[in-house]
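A.B. asks: Okay, handing you the structure first.
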Amino acid sequence: MTEPLVSRMRAFGTTIFAEMSALALRTGSINLGQGFPDTDGPAAMLEEAVRAIRSGANQYPPGSGVPELRQAVSEHRAARYGLDYAADGEVLVTVGATEAIAAAILALCEPGDEVIAFEPYYDSYAASIALAQARLSAVTLRPVEGRFTFDPDELRAAVTPRTRAILVNSPHNPTGTVFTREELTVIAELCRERGLVAITDEVYEHLTFDGVEHVPLATLPGMRERTVMISSAGKTFSVTGWKTGWVCAPAELVRAVSTVKQFLTFTASAPWQLAVAHGLRHESAWVAELRGGLQDKRDRLMEGLAAAGFAVLRPAGTYFVQTDIRPLGFTDGLELTRRLPELAGVVAIPTQVFYDHPERGRHFVRFAFCKKEEVIDEAVARLKRLSG
Ligand code: PMP
Ligand code: GLN
């Protein structure tokens, strides 16, 4: 049989997360690759999910999401960011942020349109853009004084008459950068001047460190009306397996995204939605504690990786720390991560797979710190073998 997969998807193969998690399982390695926590979310929120199932929330909820969650999202956006989104018409619940991103791109991009994303970028962006037969235009984030950032001139030069949208992920996976108000202002000006839609991936909105605050792009002047703001419960409440996300945007944009979303999944699972509504309403203290704990884990892993010989970049947010492997005598992160189980019994993610220009990220490897202290310590002890 000839290759059954459509040509536009052939370059994608298996995601690096699936590959590396399978490698960890197969070799019994410590998995600091795929970003998922090894501890549970708030107990009362888990109980809410059980209660929801037991009390009969087991049939199709409305396509836009259960009213309780849409209302909780609306109140949460207003309280946290001063952003008003009507629960009815301006909030759409999705199957994780992944579906929201895909539906937004499929809804807004014609074939041949261009979407700007900052590389290294989360892998689903390129796949969703390819599905839409649009084109990804990558603007590179480079380390400047230990923090990944972009050159405003490069960003401006990337906009063409075909540019439809810009995907903005902050806090940024995989670099850990949290865009400053100044960086967001550059992006916002460009969106306004060139009539671009912003699709913001804010799944790590609560996971920032050292007092750095996450600023939603939609809060900048003139941006609410042109921004599709995407969040997810997975990272906020340590329930990555629940796949519950949401879109907030003006009604016209939500209608467009919903039109596509209804034919991808029609609706998202009901019980999780009720539990996440509880989370948004009652678990902000738990989230604050998670954030503090993660900052300590970040410091612990950074210190350990530095002691093991890596050059370490300090992330201001997310679950992830970037390392430069060259001080250890390695040059290719993909090669190193494929050998890391055998060399050290640890799994990590090669950053170069998130680039259109892989040579720009060849020497970076990403480690996740959303793990128990003892797991981090054991991983570090093993990684010290690399220099020993
Ligand atoms: N965007 C980014 C930047 C991510 O790291 C992830 C992984 N959580 C997602 C989107 C996907 O989120 P979800 O699991 O809610 O689909
Ligand atoms: N967001 C997680 C990460 O970046 C993994 C998501 C996935 O497995 N697709 O590691």
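Every number here is computed from the coordinates shown, using simple stated rules; none is lab data. On a predicted model such as this, the values are computed, not experimentally measured, just so you know. Positions of Cβ are generated from backbone atoms using ideal geometry, with glycine treated the same way; all protein chains shown enter the neighbour counts.
A.B. asks: How much length is gained if the chain between ASP88 and ARG326 is pulled fully straight, taking 0.36 nm per residue apart and subtracting their Cα-Cα distance, in nm to one decimal?
C.D. replies: That works out to 80.5 nm of additional length.
A.B. asks: Could you work out how far the C-alpha centroid of segment 1-69 sits from that of segment 126-166, in angstrom?
C.D. replies: 27 Å
A.B. asks: On to the next question. Can you pull the one-decimal nm distance between simple spin-label points at PHE266 and ARG385, each 7 Å off the Cα toward Cβ?
C.D. replies: 5.1 nm
A.B. asks: Taking 51 Å as R0, compute the FRET efficiency from the Cβ-Cβ separation of ARG26 and VAL212 and round it to 0.05.
C.D. replies: 0.85
A.B. asks: Here's something else I'd like to know. Return the calculated 222 nm mean residue ellipticity for the chain, to the nearest 500 deg cm²/dmol, obtained by summing -39500 (n - 2.57) across DSSP H runs with n ≥ 4 and dividing by the residue count.
C.D. replies: -13000 deg cm²/dmol
A.B. asks: For segment 220-262, what class follows from the C-alpha gyration tensor (a ≥ b ≥ c being the square roots of its eigenvalues): rounded when a/c is under 1.5, otherwise prolate if a/b is larger than b/c, else oblate?
C.D. replies: Oblate is the answer for segment 220-262, as a/c is 1.5 or above yet b/c matches or exceeds a/b.
A.B. asks: List the GluC sites (Glu not before Pro) within segment 202-288 that DSSP assigns to loop and that have no more than 11 neighbouring Cβ atoms inside 10 Å.
C.D. replies: GLU213
A.B. asks: For segment 191-201, what does the Karplus curve 6.51 cos²θ - 1.76 cosθ + 1.60, with θ = phi - 60°, yield as ³J(HN,Hα) per residue in whole Hz, taken in order and with x for Gly and Pro?
C.D. replies: Going residue by residue, I get 4, 5, 5, 9, x, 8, 8, 9, 10, 9, 9 Hz, with x marking Gly and Pro.
A.B. asks: Then there's this: Would you mind classifying segment 109-220 by shape? Square roots of the alpha carbon gyration tensor eigenvalues, ordered a ≥ b ≥ c; an a/c under 1.5 is rounded, otherwise it is prolate if a/b is larger than b/c and oblate if not.
C.D. replies: prolate
A.B. asks: With viscosity set to 0.692 mPa s and temperature to 37 °C, compute the Stokes-Einstein D of segment 160-214, Rh being the Kirkwood radius across alpha carbon pairs; µm²/s, no decimals.
C.D. replies: In µm²/s, the coefficient rounds to 272.
A.B. asks: Would you mind classifying segment 1-56 by shape? Square roots of the alpha carbon gyration tensor eigenvalues, ordered a ≥ b ≥ c; an a/c under 1.5 is rounded, otherwise it is prolate if a/b is larger than b/c and oblate if not.
C.D. replies: Because a/c hits 1.5 or more and a/b fails to exceed b/c, segment 1-56 counts as oblate.
A.B. asks: May I pose another question? Just rank MET223, MET20, MET1, fewest to most, by other beta-carbon atoms within 10 angstrom.
C.D. replies: Least to most surrounded, the residues fall as MET1, MET223, MET20.
A.B. asks: Moving to a separate point now. Considering only Cα-Cα distances, which of the following residue pairs are longer than 20 Å: LYS235/LYS384; LYS243/LYS372; LYS235/LYS261; LYS297/LYS372?
C.D. replies: In this structure, LYS235/LYS384; LYS243/LYS372; LYS235/LYS261 lie more than 20 Å apart at Cα.
A.B. asks: Straight-line reach only, C-alpha to C-alpha below 14 angstrom: list the aspartates and glutamates that LYS371 could link to, leaving out same-chain residues fewer than 8 apart.
C.D. replies: The qualifying aspartates and glutamates are ASP38, ASP40, ASP296, ASP299.
A.B. asks: Also, I was wondering about something else. Hey, with R₀ at 25 Å, roughly what FRET efficiency would GLU252 and HIS357 work out to, going by the Cβ-Cβ distance, to 0.05?
C.D. replies: For GLU252 and HIS357, the calculated efficiency is 0.10.
A.B. asks: Using the Kirkwood formula over every pair of different C-alpha atoms, what hydrodynamic radius in Å results for the chain?
C.D. replies: One decimal place: 21.4 Å for the Kirkwood radius.
A.B. asks: For segment 115-125, take each phi angle, set θ = phi - 60°, evaluate the Karplus expression 6.51 cos²θ - 1.76 cosθ + 1.60, and give the result in whole Hz per residue in order, putting x for glycine and proline.
C.D. replies: 10, 8, 9, 7, 9, x, 10, 4, 4, 5, 4
A.B. asks: Out of all DSSP beta bridges with both ends in the chain, state the antiparallel percent to the nearest 5.
C.D. replies: Bridges in the chain are about 50 percent antiparallel.
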